[in-house]
Structure formats: C-alpha cells, structure tokens
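One structure is given below, encoded as structure tokens.
The values are calculated or read from the model by the stated rules, or taken from the named source; none is laboratory data. Worth saying up front: this structure is predicted, and the values here are computed from it rather than measured. Here the Cβ is made from the backbone with ideal geometry for all residues, glycine too, and neighbour counts use every protein chain on show. Accessible surface areas use protein heavy atoms only, side chains included; no ligands, DNA or RNA. Shrake-Rupley method; radii C 1.70, N 1.55, O 1.52, S 1.80 Å.
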Amino acid sequence: MDIRTYLHSRPLLFDGAMGTYWVQQNRDADFTCELANLRRPESVLAIHRAYLDAGAKAIKTNTFGLNAVSLGGEHALLREAVAAGWHLACEAAQGRDAFVFADLGPVPQVGEDSAWPAVREVLDVFLELGAVHFLFETNSDQSCLAQAAAYVKEKCPDAFVLVSFAVQPDGYTREGRSGGALVQELRACPQVDAVGLNCVSGAYHMRRLVGELDLQNTLFSAMPNAGYPVVVDGRTLYDGDPGYYALQMAELAGLGVRILGGCCGTTPEHIAQTAALLEQRGTTPVHHIAPHPSAPAAKHVPNRLWDKLERGQKVFAVELDPPKNAQIGKFMAGAWTLKAAGVDAITIADCPIGRASMDSSLLACKLRRELDIDPIPHLTCRDRNRNATKALLLGLNVEGVDNVLLVTGDPVPSAERDEVKSVFQFNSRKLARFVGDLNRTELERPFRVYGALNVNARNFQVELSRAREKEAAGVSGFLTQPVLTARALENLRLARETLTGKILGGIIPVVSYRNACYMQSEIAGIDVADEIIALYKDKDRAESEDLAVRISAEVARQIAPYVDGYYLMTPFLRVGLMVRIMEEIRKVLGESD
C-alpha cells in the first residue's frame, strides 16, 4: 500500500530505539551500533524483527549516526555501513507489509562549514539503493532540511519525507529554537510530507507539547523517549513503564498525530503495548483539539532607549566594567554620576577576556531597580548552556531589563583551560534567534536585542555578512568596536549603507601613551592610528585626558552621519572623564548642527 493511502486510513506505528536497545544487548561491543551493520549484522536484524513482531509497521535503518563527519572522513566505510543498514532493514521487512525508512540524524557541526555535503553523500547512497521513504530526525534547527527534502524529491518525485525535531519539555531545542516555530517553518516546505517531534522529551511532555500545536491539515509524527534517563553504576538506563507509555501514545493519536513511534529507551515491549491500544482504538476519526496558546497576548511595552532611537534622537550608552571583587560602591557611584550627566544607557561587560567578575545581569537588575537606569547587560555564549541562559533571561525580563547585547564571548585564557572549561552551546546568531523565540512565545515584555560589530575587522565584508545574519536572527541594533583609524571610519560608513539596524558608534578615550600602545598590541578588535599614538608621547595625565576629550569629540563628529548614537567605553572607571567627553560631544555636535 502507498504510505499516503495508509496514513489516510490509520495511524502508522514505527519501531522504537535501535541505539539504546542494541547497546542494552551488546554491552561488550567497542564500536557504535551503526557499525554493527558490518560487524554484528545478526544483532541488528534481530532487533528489526523484534520491533516488527511487536506490531511496528515502519522501521528505521540503523544509520542514524552515519556520516562523513562522524566517521572521520572514511567515505568508503560510510557507504558500506549505510548500504548494509539498508539491506538489513529490507530483509527484516520482507513479507511483513512494513515500510522501511532511510534514517538520517543531524551531522555534527564543524565550525562554520555547511553540513549539506555530508547529508547529500548519505542521501546519494540511499537513493542509489532505491529508498523512497526518508526520515530526518532529532534535529535542533532547520539547517539543510529544506535543501535535503528538495534534493530527495528532485531525484525521486514519489518519495515520502518526514522531518522531526528534538524538543525539550520547555518547547525549545538544544540550539535554542522554538519547536513550534520549526514545525511551522518546515510544514510550509512543499517537499516535506510530514513533520514531528522525537527524542529528548518523554511521552507525557511530548503530549503536552503537541497539544499546543495546530495539527490541522498536517501529517504529524511523535516519537518520544521512554521517560528520562537515570545513571546506575555508571550506566545510563531508561526505566519508563511500557504500559504508561502506551497510554500517552494513544492520547497523542487522539490529538491527531498520525505517525507514532519510540525514541531513546523504548523497547519492543513499549511498541507492543502501544500497538495493542491503537488496535483497540481502531480507525476512529481524528479529533483535532484546538491548541492552547502558551504566549501572552502581544502588547506594546515602552522601551525608553529604543523609543528614543526610533524618534531619531542620538543616544549615549556608556560601558562600565563590572567589579572583579565584591566591592560595589565605586561602580554604583559611577553609574549615578553618569545618570546625572544624562546618559541613556549603561552597558556592562560579561566577564571580559574570560576572567570572572561580578555578573553583568545581576548588576543590570541592580541599576534598573535602584537607580532607574536603562542597562544593557552583555550576555556571552561562553559560560552558560541553553537552560542557564533561558533562566537568566527570564529573570532579567521580570526585573524590567529591556535591552541585551549578545556576544559570543572571549575564550577562557589558555593557562586556565585545564581547570576552567568554556561552554559554547550557542553563537551570537543562534542566541539571538533563541531570544526572539522567547519574545514571541513567553514574554510579555520583549527584549530589544543588540549585537557587536567589529569595524576594525581585517576582512570587514565577512563581518558585514555575519551582521546581516544577526539581523535575520532578530538583532535590532549594533554596538561597534571603537573607531580610531580611517579604515574603521570607512567600515562604519559601509555598515550604515548595508545594515538596517540602529548603530551605536564605538568611542574609547586613549588616556596615555602606554595605554595607546597596550590597546594597539594586546586588545583584540581595537586598532589605534599611529598618529594618535604619537600625540600622547611625553604627555602627563592631565594633558592626556585633555587630549582624550578632544580626540573623542572629533571621532564623534566624524562618525555622526553614520550612527544613531554613541557607545563610550570607560577606561579604568574614569567616570569623570566620560562626563567631560559627553559634554564636549554635545558642544561639538551642537555647533556643527
């Protein structure tokens, strides 16, 4: 029977988890379950048959983790293992009236390289073997999926393509994408026949997630885990009850899910009990239950900084470095002085150069609550995974912090790497999409998201390309690195011509000859013109500060046509110097206007 005809008349039940079930039965193996296609094919064949005996009408090839990246570029081994996996599944399904799906998991990301070549290589093997049903499962974002579906349909127009996302119980993937948004995006792709969720969440939470979606006119798939893993004697186990699992699966079918199956921890017993309940349920017409919205109704919330930018008024944002100890007095006094001087926002770095300092988000909440200042805390992708990042954003949101600057973050200094581990689950573009999804689905008071723009980048076209990607991900404005060279000024002009977001031009006062040499030699992202460095030779502190005021005001005058405001970086907490610079900038701009 054609799979579309089958799905029109009844739900399709898949098998359970090959990977975890194979490991459970082959604890002595020193190779992955996918390589068992070649080394222990009888074990793979036996598991396929066990799931079919349990009532599964579709099985996945044992190829989830097979790609050139995971196999270290061993292309011949890849093709041999994929072909073996295909033949074993077909042998098990022979005479069973069951569908065989070519199974592809996500390709591990290697830097900025596209995963598409590795995906296409596996697809070509399956297509040559005659595969017509394809499952792209356990995805955390949409990368390559539409491209892969289009490629399959080009080569095999009658193919059936199912795409599935791994969504945690809070509704987000490990990449910070909203599962609902991803499902909506892929079901709009004409080459995708069915979409769904699998892995990470247990059956109860997946049922709740599905209940929030509109399944009208959608072939939907749900393949949850058998509960959640526990570690016993160093081994990861799933001990979810098959009967309970089956009840949740029957409820998923009642919500309109037409494709059901199991992921991590599910065994033939889970599938057998699910099959029995689905058989009892028969072919009762599906009742699509209207989704219950998880997001609050949209409403306008004033954002003083952004509203001023929208009115075309140039703003001042001044950066204060957080204390490296628990002494907060000087920082708060400086913030109060800047507020009295008319600053529009105070930005706070997040453990700059990878060294621990007072938390930027906690300081932002303190400034907002005690001084009624609009803070812009920097949030790095370095020190928090997705859960910690979301928890922090929720706290900032309820404290009324409206603006955040998202940066990838400096790596931990190399001498500390053996004892202090960096965490980079996001880059700034992925984090921006995550914040945007939170804005749309959970927050009554949406964040305004800013990104960093390095006008001193050696290849500024690459920097501009990344900035455009940030805008596509939801970044509304940019804070630039300081402008202290003619090349940086030209790059800022190009940014204004290219980008649509607001731009706050970076200004950092050079406070001494030694300071100029240090910035030029040791601070990544800052270039100081030789002629500026020369001006500071033999100047004392007072003379250097006077020079810093004049140069900073001149920089402001030069960048004024290309910016919506100024991003001033305070050296050594010299707040008084920053007040002088703002006063001089206002005077210079007032005279020029």
Would you work out what percent of the accessible area of the chain, with all protein chains in place, is carbon or sulfur (probe 1.4 Å)?
50
Can you give the accessible area per residue of the stretch 323-396, in Å², using a 1.4 Å probe?
40
Testing the spin-label approximation: label points 7 Å from Cα along Cα→Cβ at ASP307 and ARG586. State their distance in nm.
2.1
Sequence neighbours fewer than 8 away in the same chain don't count; with that in mind, list the lysines whose C-alpha is under 18 Å from LYS330.
LYS339, LYS366
With viscosity set to 0.890 mPa s at 25 °C, what whole-number translational diffusion coefficient in µm²/s follows for the stretch 483-593 from Stokes-Einstein and a Kirkwood radius over Cα pairs?
170
At 7 Å along Cα-to-Cβ for each site, give me the label-to-label distance between ARG468 and ARG27 in nm.
5.5
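Normalised by the number of residues in the chain, what is the relative contact order in percent for Cα pairs under 8 Å and 6+ residues apart? Mind dumping the intermediate values first?
Details: 1115 pairs, mean separation 58.4, N = 593.
Value for the chain: 10 percent.
Under the 0.36 nm per residue contour assumption, what length would be gained going from the current alpha-carbon distance of GLU531 and LEU489 to full extension? Can you show the working numbers first?
Details: separation 42, 0.36 × 42 = 15.12 nm, distance 1.52 nm.
Extra length available between GLU531 and LEU489 comes to 13.6 nm.
Express the accessible area of the stretch 46-136 per residue in Å², computed with a 1.4 Å probe while the remaining protein chains stay in the model.
Numbers: 3660 Å² over 91 residues.
I get 40 Å² per residue for this part.
Just the Kirkwood number for the stretch 39-195, please: inverse of mean 1/r across all distinct Cα pairs, in Å, one decimal.
Details: mean 1/r = 0.0617 Å⁻¹.
For the stretch 39-195, inverting the mean 1/r across all distinct Cα pairs yields 16.2 Å.
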Taking 25 °C and 0.890 mPa s as the conditions, I'd like the Stokes-Einstein D for the chain in µm²/s, using the Kirkwood hydrodynamic radius from alpha carbon pairs.
91
Which aspartates and glutamates, on any chain, are close to LYS324 with Cα under 19 Å apart, when same-chain ones fewer than 8 places away are left out?
ASP350, ASP359, ASP383, ASP410, GLU416
Run the reach check for LYS537 against aspartates and glutamates, Cα to Cα strictly under 18 Å, same-chain hits fewer than 8 apart removed. What comes back?
ASP527, GLU545, ASP546
